[in-house]
Amino acid sequence: MSEDEISLRDLWEIIAKRKWLVFLSTVVCLGLAAAYVSLETTIYESRAMVQIGKVTGQPVDNGLQLASRLMNQYTLVNTGQAKKQMPKLYAVTPDKADGSILTLEAQGHSPQEAQQYLQGVIQRLLAEDQQRYQQIVGARQAQLAQLQAQYQRMRATLDTKSGKGRVGSTSALLVLERFRRTDALTSAQASIAEMENALTPNNTSPTAQTLSPRYDPIPIAPKRGLILVLGGLMLGVFLALLLNAFRKQPT
């Protein structure tokens, strides 16, 4: 091995030689880390999922736009106050595979606080989307009713023309007119069937909560175990190696 390389055995010897430095620095750092953890605000998280409603197979809202609106609606304008805000809506994320599925995350000082806050956000979202959904569905149903009424008028006209044709002339022009009206009636009937199918529950449904708010009893911050380990033992070992590097005599 060259002089610039160092083995694991050399590292262990350095740590063993500076064991008291490692021990003392670890104790001090653990104490500081414990004080930080005890004073730092504990944050819990709650999650839920929402399926954006659809009308005739098309979502009533864009997932990315809805996520942005929700974050703007529930986030304070002042950046400093927004960081300290609690409880708060932490994130709204559209699903990568299906953008109409949103995952909402809320944070609070307790699991129950985060869950209740998120439930309120979702209830308000469902109420607002329900109004929009009903407006769109109402417009579609009005179009369907208009098309059905038009179909009935066309059918009545065709029946009347057919009756007159049997009594009077059966010229080629009358036959062509009857075929034209029959084709128009068939086309209208197909449009009605397509619109009725589009308004079935499989293709038209309101925004719904697919996963109710749930919380994790384990806080997401601060990371007590990680802070204590990294802030204690790792720093102690680093100080021992650093001190040895400064005190190393040239050969």
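A few remarks follow.
- Diffusion coefficient, µm² s⁻¹, Stokes-Einstein with Kirkwood Rh over alpha-carbon pairs of the range 85-165 at 20 °C and 1.002 mPa s: 125
- Under 5 Å, built H, 5+ apart or other chain: amide partners of Ser110: Tyr44
- Full extension of the chain between Gln148 and Thr210 gives 18.8 nm of extra length, using 0.36 nm per residue less the Cα-Cα distance.
- The local environment of Gln143, defined by Cβ-Cβ distances under 13 Å, has a net charge of -1 under the rule Lys, Arg +1 and Asp, Glu -1.
- Among residues other than Tyr74 with Cβ under 11 Å from its Cβ, the summed charge is +3 (Lys and Arg +1, Asp and Glu -1).
- Computed from backbone phi with θ = phi - 60° and the Karplus coefficients 6.51, -1.76 and 1.60, the 3J(HN,Hα) list for the range 43-55 is 10, 10, 10, 10, 10, 8, 10, 10, 9, 5, x, 9, 10 Hz; x is used for glycine and proline.
Each reported figure results from applying straightforward, stated rules to the coordinates on display, with no laboratory input. Since this is a predicted model, take the numbers as computed values, not measurements. Here the Cβ is made from the backbone with ideal geometry for all residues, glycine too, and neighbour counts use every protein chain on show.
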